[in-house]
Amino acid sequence: MKTKRVNIPLLFATTLFIFTACSDSGNDGPAAVEAKIASDIAANVNTIFAPAEPDKDVEGDTESSPGYTFYDLETGSTISDSLSSDWDIAFGGTTILANSGNGGGIQLLQTPYADVETAPETGFEASNNTWYTYTGEAPNGPKHAVLANENETLVVKKPDGKYAKVQILSYYEGNPDTSTPEFASFMTRPSSKYFTFNYTIQNDGSTKLFHEDTITYFDFTTGEIIEDASSSQWDIGLQGTSIFGNIENGGGLQALNIDFSAVTEAPIEGYVGTNKTWYTYTANNVPVFAILPIEGITLVFKTADDEYAKVRIVSYYQGNPDVTSQEFINPDTRSASRYYTFEYAIQADGSRFFE
């Protein structure tokens, strides 16, 4: 199996153990096991933010909104105070400003938006006005039009040190089709100085401008993150809503419709590599768009060391929040997802019995 290195930030790798007493099963029975809690194990946390839809018709020196419009990419809103560090870019006519007064910057890369995976660390300027082409008296197509250059991307350094990439889609109200007769005619062309654009922010402070799929590997015995995917040391892998057993090294997992406390024996067979049946997705039900563990589901693991463990997923959200609280019900105030808290118990003597 190919080795895969997974770098887990120390903040994310923090594991809290809470020990609870278990009864002694007797001299002739298996050794007693203890239940533990692993908290906030990061599972392919997505630090990239990109709006689902382009931001449309942000005015830049229009008749109704003269002067520059100062824009905060993180909140998708305009900022009235031009001296503030809250804004990232500003639109005014065909010039786009960076918040250079507070440490920001901007530069244009000759690279398509989708292909910009890393932000440069140098070369930033206070403004840019080369993101477009002015058609002038073009023999074909619209005359005297401002068209965003295809296959070019603006990279923005925000005042907080984070990086973003921006793709200007249109300079005209409503993001019109510039190939139509309506756009070609001055009489029917929409008003200019209305910006429509895509953007992506990297919130972890790195220069990486794409989301990389990774798996977090966890060792039940030590409670530590394992970086080597090919190792026999890890027991459970976490990636988004997928949970893995170490099947390449003889391990595996399976889901039982039995409460965690009632699982006293691990099955002999039936272990597989992946499970995604431990949760329910609420969709439009309250709380909307949430991942919630199914009560009464226990995941049983066989480890690469021929030991057995049982796991109850407690939470998929950072801090194990109360899912009935208003903070969780509101997606805007809900804590970050892909942070697992789970209860587990491992039988280290090699038997299949947990008590």
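The values are calculated or read from the model by the stated rules, or taken from the named source; none is laboratory data. The structure presented is a predicted model; accordingly, all values stated were derived computationally and were not measured. Ideal geometry is used to build each Cβ from the backbone, glycine not excepted, and the neighbour counts take in all protein chains shown.
When you scan region 243-263, do you find a residue that is under 29 Å from the mean Cα position of the chain (by Cα), of a type in the set (Asp, Glu) and under 24 Å from ASP213 (Cβ atoms), even just one? Looking through region 243-263, at least one residue is under 29 Å from the mean Cα position of the chain (by Cα), of a type in the set (Asp, Glu) and under 24 Å from ASP213 (Cβ atoms). Name the residue that is farthest from THR153 (Cα to Cα), counting only residues in region 86-108 that are assigned to a strand (DSSP E or B) and either small (Gly, Ala, Ser) or touching a helix residue (DSSP H, G or I) at 6+ places or on another chain (Cβ under 9 Å) (or both). Filtering first and then ranking leaves GLY92. Picking from residues in region 110-145 that are within 23 Å of GLY76 (Cβ to Cβ) and surrounded by 14 or more Cβ atoms within 10 Å (Cβ to Cβ), the one that is farthest from the chain's Cα centre (by Cα) is TYR132. Of the set (1) among the β-branched types (Val, Ile, Thr); (2) over 19 Å from PHE354 (Cα atoms); (3) surrounded by 18 or more Cβ atoms within 10 Å (Cβ to Cβ), all apply to ILE313 but (2).
Would you call ALA262 touching a residue at least 40 places away in the same chain (Cβ under 8 Å) and of a type in the set (Gly, Ala, Ser)? It would help to see each step written out before you state the result.
On the way: touching a residue at least 40 places away in the same chain (Cβ under 8 Å): no; of a type in the set (Gly, Ala, Ser): yes.
Judged against the criteria, ALA262 is not a match.
For region 53-77: of the residues being β-branched (Val, Ile, Thr) and assigned to a loop (DSSP other than H, G, I, E, B), which is surrounded by the fewest Cβ atoms within 10 Å (Cβ to Cβ)?
Here is the first cut: in region 53-77, the residues β-branched (Val, Ile, Thr) are 58, 62, 69, 75.
When the remaining residues are screened for being assigned to a loop (DSSP other than H, G, I, E, B), the result is 62, 75.
Details: THR62: 18, THR75: 11.
So, considering only residues that are β-branched (Val, Ile, Thr) and assigned to a loop (DSSP other than H, G, I, E, B), the one surrounded by the fewest Cβ atoms within 10 Å (Cβ to Cβ) is THR75.
Let's see how each residue does on (1) touching an Asp or Glu at 6+ places or on another chain (Cβ under 6 Å); (2) over 23 Å from ILE48 (Cβ atoms):
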residue	(1), (2)
LYS193	yes, yes
ASN198	no, no
GLN202	no, no
GLU212	no, no
SER232	no, yes
ILE236	no, yes
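For THR94, work out the one condition from (1) surrounded by 14 or more Cβ atoms within 10 Å (Cβ to Cβ); (2) touching a Leu at 6+ places or on another chain (Cβ under 9 Å); (3) modelled with pLDDT of 95 or more it doesn't fulfil. The one condition THR94 does not meet is (2).
If the requirement is being in contact with a helix residue (DSSP H, G or I) (Cβ under 7 Å, 6 or more places away or on another chain) and in a loop (DSSP other than H, G, I, E, B), which of these qualifies: PRO176, PRO139? The unique qualifying residue is PRO176. Applying a threshold of 9 Å to beta carbon distances and a minimum spacing of six or more residues, or different chains, the list of pairs starting in region 276-296 at a residue that is within 16 Å of TYR339 (Cα to Cα) and ending at one that is among the basic types (Lys, Arg) and not in a loop (DSSP other than H, G, I, E, B) reads ILE291/ARG338; PRO293/ARG312.
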